[in-house]
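The values are calculated or read from the model by the stated rules, or taken from the named source; none is laboratory data. Keep in mind that what you see is a predicted model, and the values were worked out from it rather than measured. Cβ placement follows ideal geometry from the backbone for every residue including glycine, while neighbour counts extend to all protein chains displayed.
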Amino acid sequence: MDIFKKLGWFFKMEKATYIRGVLDLLMTALLNMLPPYLIGYTVNLIVARTLTMSRLTLIIGSLLIDTILLYYFRYRWAVHIWGGATKLEQILRRKLYEHFMQMDASFYHKYRTGDLMTRATNDLTQVQQVAGSGILTFADSIIGGSVTILSMIFVVNWRLTLVAILPFPLLAIMSLQLGRQMHRAFGEQQAEFSKLNNKIQESLSGMKAIKTLGQEAADIADMDTHNQALLKKYKKIEFYASLYDPLTTMIIVLAYVITIIYGGMMVLNQTINIGQFVSFIAYIGMLIWPMFAIGRLFNIIERGHASYDRVMAILAEKTSIIDAPNPIPTDPQGALVLNISAFKYPDESQQPALTKIKATVHAGETLGIVGRVGAGKTSIMKLLLRQSDAYTGEITLGGIDIRKYPLDNYLAKIGYVPQENFLFSTSIFENIRFSKPTATEAEVIQAAKTAALHTDITLMPAGYQTEVGEHGISLSGGQRQRLAIARALLIDPEVLILDDALSAVDARTENAILTNLLAKRAHKTTIIAAHRLSSVKHAANILVLDHGAIVEQGSHPELLAQNGWYATIFEQQQTTD
């Protein structure tokens, strides 16, 4: 029952709701005791030949009133208990979603999308069952069972009751043993479910590659392997779960056998009358649900317990990117200065990713960053985006270390466009406006014009209301990149970062975008990382990186004059073009 303790914070918060629900269950249990009593009373009247029409009418009327009241109180407990359970799921889902928004890149490297989706959906459903079916079953089995046994004691006979319930402790002992196995088995099943979820999510995202490479059969076989593994876990759970019902049935049958033998002797000895014996048999029948409920309860609890632990494990993860103890609440603006002595990724113990990176970009200037693959361009971008704060040295914006700005204030002033962009399954207009939901149509159009996308959009049948499809599948690579640039420009960022974001556009479009940026961002900073050197030739300063260090630096003419790596690659690219 540890899960109830772990959920104590919620039950305390919703105390009034659950108290009302439990009281309604109590009233339901008390009202359920009346029919067996009336049946026994009627049998005695029949045996004594004293059943009259007026008495029969009174009995039937009492049963009708009892039924109406049962309907009312069952409705009330359903509203209270299931309403509370739904609220728990809503609270936990919101906590998880907010937590996902706060976590850093290392968290998403550790947990795959399918796993996180499983915890935010399937696992939360199991936890909700604890607060709904779990509380209902627990309270109903305890209240219903207790009220039934008390009725058996006071309406019939305490000795017969004591003898009839002798087998019941066996159920508690076996339930505890099976419960431990269920908890372990369900934890394994949820982990396997996460793997299958990951597999399906990854395959759907990469369906184009799978079909292009003709790997449909191989991917189906791989999915089937995960599916079979999950099936084995389900079978293991159902093996333990299926042991509850036969055990409960055996105990109920033993209770009936004892009742018939011992109760029959008591009737013969006239210790109880035939009506009491019939009522007692009816009460034994009413104990069947509480008995079965115990097995169901342990099933619900162990599933919910395993899922709750999985959810809490995610919520216990901490991001390494947090606000400084006393953040500076001003909006970042002004010159950007890079003074990074060294930066090393946490899981790497050899070569630092960056060493001795020094550069200054004044407001209105453009900084270019180039170099071969693995030179360190992405590492600089990650530090600028505060995806890691664990570096020696500092990066300042407006003379203030970027780590001293509140994270929300800082990132709101940064416009970032990666090479691979994520577009939502909605219209072009809404995708551009995603960065600024309050933007007007004129602002959206202006951003699209700056990104050299407006003409393309006007040629589409639905214009700005064109649906881009999942991940922007209906657009070309260049259109997706330009849409992402327009989305970043819409917030008029203090620092615009283009991380190889012009790789999919042709030379003419690239030149148009860069010309527009120079004109529109005369007082704002722009950083362009690129493999195609034509993207940075207009920059005031260009950093050439190799193995995380600056090997060349200067303007485009200055770098050509140095006749180094930059000049060589630029000449090769000019020849290729």
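Checking each residue in the range 460-494 for being of a type in the set (D, E, K, R), touching a helix residue (DSSP H, G or I) at 6+ places or on another chain (Cβ under 8 Å) and more than 20 Å from P437 (Cβ to Cβ) picks out R480, R482. Does Q562 count as modelled with pLDDT of 90 or more and of a type outside the set (D, E)? Considered against the rule, which asks whether it is modelled with pLDDT of 90 or more and of a type outside the set (D, E), Q562 comes out as yes. Residues satisfying the criterion are present in the range 482-504 (criterion: buried (at least 23 other Cβ atoms within 10 Å of the Cβ), in a loop (DSSP other than H, G, I, E, B) and of a type outside the set (K, R)). Restricting to the range 192-233, name every residue that is of a type in the set (S, T, Y), over 22 Å from the mean Cα position of the chain (by Cα) and closer than 30 Å to R180 by Cβ. Within the range 192-233, just T225 meets the criteria. Residues in the range 458-469 that are more than 21 Å from L502 (Cβ to Cβ) and surrounded by 12 or more Cβ atoms within 10 Å (Cβ to Cβ): M460, G463, Y464, Q465, T466, E467, G469. For the range 341-357, does any single residue satisfy the condition of being free of Cβ contacts under 8 Å to residues at least 60 places away in the same chain, basic (K, R), over 30 Å from G554 (Cα atoms) and out of contact with any helix residue (DSSP H, G or I) (no Cβ under 6 Å at 6 or more places or on another chain)? No, the range 341-357 contains no residue that is free of Cβ contacts under 8 Å to residues at least 60 places away in the same chain, basic (K, R), over 30 Å from G554 (Cα atoms) and out of contact with any helix residue (DSSP H, G or I) (no Cβ under 6 Å at 6 or more places or on another chain). For T438, the stated conditions hold: it is under 35 Å from the mean Cα position of the chain (by Cα) and of a type in the set (S, T, N, Q). Reported count of residues in the range 532-568, each being under 19 Å from T366 (Cβ atoms) and either in contact with a strand residue (DSSP E or B) (Cβ under 7 Å, 6 or more places away or on another chain) or in a helix (DSSP H, G or I) (or both), is 23. Can you find even one residue in the range 134-145 that is of a type in the set (F, W, Y) and either in contact with a Cys (Cβ under 9 Å, 6 or more places away or on another chain) or without any contact (Cβ under 8 Å) to a residue 60 or more places away in the chain (or both)? There is no residue in the range 134-145 that is of a type in the set (F, W, Y) and either in contact with a Cys (Cβ under 9 Å, 6 or more places away or on another chain) or without any contact (Cβ under 8 Å) to a residue 60 or more places away in the chain (or both).
Exactly one residue out of A241, A164, A217, A185 is in the same structural domain as L116 (by TED's automatic domain parsing) and surrounded by fewer than 15 Cβ atoms within 10 Å (Cβ to Cβ), and it is A217.
Which one is farthest from N273 (Cα to Cα), of the residues in the range 1-39 that are surrounded by 18 or more Cβ atoms within 10 Å (Cβ to Cβ) and of a type in the set (S, T, Y)? Here the answer is Y18. Scoring L423 on the criteria (1) in contact (Cβ under 8 Å) with a residue 60 or more places away in the chain; (2) farther than 29 Å from P332 by Cα; (3) touching a helix residue (DSSP H, G or I) at 6+ places or on another chain (Cβ under 6 Å) leaves a single failure, condition (2). Within the range 4-60, the set of residues being among the β-branched types (V, I, T) and under 21 Å from G145 (Cβ atoms) comprises I19, V22, T28, I39. Taking the numbered list (1) surrounded by fewer than 17 Cβ atoms within 10 Å (Cβ to Cβ); (2) touching a residue at least 60 places away in the same chain (Cβ under 8 Å) in turn, Y72 passes all entries but (2). Looking only at residues of the range 514-541 that are more than 17 Å from V495 (Cβ to Cβ) and of a type in the set (A, V, I, L, M, F, W, C), we find that the one that is surrounded by the most Cβ atoms within 10 Å (Cβ to Cβ) is L533.
Within the range 360-382, the set of residues being outside any strand (DSSP E or B), over 35 Å from the mean Cα position of the chain (by Cα) and within 20 Å of H538 (Cα to Cα) comprises H362, A363, G364, E365, R372.
Considering only residues of the range 387-423 that are touching a strand residue (DSSP E or B) at 6+ places or on another chain (Cβ under 7 Å), of a type in the set (S, T, Y) and surrounded by 16 or more Cβ atoms within 10 Å (Cβ to Cβ), which is nearest to V495 (Cα to Cα)? Filtering first and then ranking leaves Y416.
Of everything in the range 306-359 that's of a type in the set (A, V, I, L, M, F, W, C) and in a loop (DSSP other than H, G, I, E, B), which residue is surrounded by the most Cβ atoms within 10 Å (Cβ to Cβ)? Looking at the filtered set, the residue picked out is A353.
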